[in-house]
Amino acid sequence: MKIVVSGFYGLGNTGDEAILDSIIDNLRSELDDPEITVFSLSPEETAKQHGVKSVYRGWRQQFKEKVRALKEADLLVSGGGGLLQDTYPTRIIFGPLPYYLLIVFLAKLVGTKVMFFSQGIGPVNTKYGKFLMKVFANMADYVTVRDQYSLDLLRKLGVKRPGGEVTADIVFGYQPKDDDTAIQSLDLTGEEKLVGVSVRPWFGSQQYKQEMAKLLDELIEARGVTPVFVPMEGHHDETVSIEVRDLMKHGDKTKLLAKDLTPNQYLQFMKHCDMVIGMRLHSLIFSSIMGTPFCAISYDKKVENLAKMTGMWNYSTVLENFTAETLKDSALEVLDQRDELTVGLVKAQGELRKEAIRNVEILKEKFVK
């Protein structure tokens, strides 16, 4: 079977690269020798890393190669992550929403079936975005989404033609490999109480950085923890992590992981943490997979949904309400009740893993002859 995978790949975002890892590994586990082509912003690197064919994903290069790949494919997997949204500037064919939907349109033009795979939908707020969804998203042959909110939003936007169902983020089906490069890169005695910290840029906002700095200082003073910043999107998250550290009284007691580790290396680091405080969705999914309880700071509905599905929402907050004062007691409770919370988290992630694998099972049911 020939499959083209379209997503936000090749730009160093750990969450998206984890999605690609999971899609490829699970397709290979469940299908008989699939031939996979990935649209990537770093096609040579993607091809080498995964042993796949890869074509440059942008419009200005290798357009004919993209069309040829789609024409030869049995299926376009448009997948994983929050591809269909217009939070970022959207113009005619520029922006994530037009791009991914036009790839769908191209696939249908050349007679290739399309599956939206483990997607998180939205937000879609502009009139143009809603128009694009109603016209082009209805061209898909089947849809799986990672939460009920996404399916409800699809239907509200008028995407009613393709059948669809709720599964889980495909990264819950990640196939980990033993690799302690991350923990070994840090100067540690082995006695530290580690708290993983994932922060990200957020539209010029500064207040959350000050509150995070204050929260980490208070946890250091209250429990002697060692915060470790986990930059899930390269230099973007590294820069914010350093800004938070520089706002702290006890910044010298923190650690910062390298910005160029693999998704699996960041994932393996999470098992060494006593807890995680995270903004990035996939930092929290990694934490869940490794059975490490967390406090989520939700900047997007997808983060809130994840915290609810894993039973950790009572210890979390939305970004607009985040202060050191509002989250400190929850963080201390997570630290003090780690073992008990881990039991519930492991159970929840086991169910989510089954739902993640269900994405591939549905693909087989709907598209494999």
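The values are calculated or read from the model by the stated rules, or taken from the named source; none is laboratory data. Because the structure is predicted, anything quoted here is derived from the model rather than measured. Glycine also receives a Cβ, built like all others from the backbone with ideal geometry; neighbour counts cover every protein chain displayed. These area figures cover heavy atoms from the full protein model, side chains too; ligands, DNA and RNA do not enter into them. Shrake-Rupley method; radii C 1.70, N 1.55, O 1.52, S 1.80 Å.
Of the solvent-accessible surface of the range 1-62, computed with a 1.4 Å probe and all protein chains present, 41% belongs to carbon and sulfur. When each of the peptides 28-38, 302-312 is scored by the mean number of other C-beta atoms lying within 10 Å of its residues, the order from highest to lowest reads 302-312, 28-38. What number comes out for the charge environment of residue 86, summing +1 per Lys or Arg and -1 per Asp or Glu over other residues with Cβ under 14 Å away? So the surrounding residues net to +3. Pairwise Cα distances in the range 18-120 exceed 16 Å for 60 percent of all pairs.
Where both residues lie in the range 70-215, what percent of DSSP beta bridges are antiparallel, nearest 5? Among the beta bridges of the range 70-215, antiparallel pairing accounts for roughly 5 percent. Computed over the range 1-119, relative contact order equals 28 percent, with contacts defined as Cα pairs under 8 Å that lie 6+ residues apart.
With the simple spin-label model, which puts each label point 7 Å out from Cα in the Cβ direction, the residue 135 to residue 47 separation comes to 3.4 nm. Within the shell of other residues whose beta carbon sits under 11 angstrom from the beta carbon of residue 364, the net charge comes to -1, with Lys and Arg scored +1 and Asp and Glu -1. Taken over the chain, the convex hull of the Cα atoms encloses 128 Å³ per residue.
Please go through the residue pairs 53/369; 130/156; 301/328; 193/328; 64/134; 308/364 and name each one whose alpha carbons sit more than 20 Å apart in this structure.
Details: 53/369 23 Å; 130/156 10 Å; 301/328 22 Å; 193/328 16 Å; 64/134 27 Å; 308/364 29 Å.
Going by Cα-Cα distance, 53/369; 301/328; 64/134; 308/364 fall outside the 20 Å limit.
Remark on residue 164: its backbone amide H falls under 5 Å from those of 143, a criterion applied only to residues 5 or more positions apart or on other chains, H modelled at 1.01 Å from N.
Extension gain for the segment residue 364 to residue 29, taken as residue separation times 0.36 nm less the Cα-Cα distance, is 119.4 nm to one decimal. If you add up the charges near residue 129, with Lys and Arg at +1 and Asp and Glu at -1, over every other residue whose beta carbon is less than 15 angstrom from its beta carbon, what do you get? Once all neighbours under 15 Å are counted, the net charge is +4. For the chain, the solvent-accessible area with a 1.4 angstrom probe is 42 square angstrom per residue. When only Cα pairs below 8 angstrom with a gap of at least 6 residues are kept, the range 47-117 shows a relative contact order of 34 percent.
Computed FRET efficiency, Cβ-Cβ of residue 323 and residue 249, R0 22 Å: what is it to the nearest 0.05?
0.85
Packing here is the average count of other Cβ atoms within 10 Å per residue, and on that basis the peptides 7-16, 224-233, highest first, run 224-233, 7-16.
Over the chain, calculate the relative contact order: mean separation of alpha carbon pairs under 8 Å at least 6 apart, over the residue count, as a percent. Over the chain, the number comes to 15 percent. Distance between the pseudo-spin-label points of residue 166 and residue 102 (7 Å out from Cα toward the beta carbon): 3.4 nm.
Determine, from the Cβ-Cβ distance of residue 60 and residue 351 and an R0 of 45 Å, the FRET efficiency 1/(1 + (r/R0)^6), rounded to the nearest 0.05.
Efficiency, from the Cβ-Cβ distance: 0.55.
Simple spin-label estimate for residue 343 and residue 203 gives 4.2 nm between the two label positions (7 Å along the Cα-to-Cβ direction from each Cα). Taking every Cα-Cα distance in the range 21-66 and sorting them into 5 Å bins from zero, the calculated P(r) comes out as 5, 23, 29, 20, 14, 7, 2 percent.
Apolar share of the accessible surface for the range 205-329: 43 percent from carbon plus sulfur atoms, 1.4 Å probe. Karplus-derived 3J(HN,Hα) values for the range 222-231, using 6.51 cos²θ - 1.76 cosθ + 1.60 with θ = phi - 60°, are 7, 10, x, 6, 10, x, 10, 6, 10, x Hz; glycine and proline are entered as x.
With the convex hull drawn around the C-alpha atoms of the range 282-369, the volume per residue stands at 89 Å³.
Sort the following peptides by mean Cβ neighbour count (other Cβ atoms within 10 Å, averaged over residues), highest first: 247-254, 102-109, 287-294.
Final packing ranking: 287-294, 102-109, 247-254.
When +1 charges are put on Lys and Arg Cβ atoms and -1 charges on Asp and Glu Cβ atoms, the dipole computed for the chain relative to its Cα centre reaches about 2000 debye.
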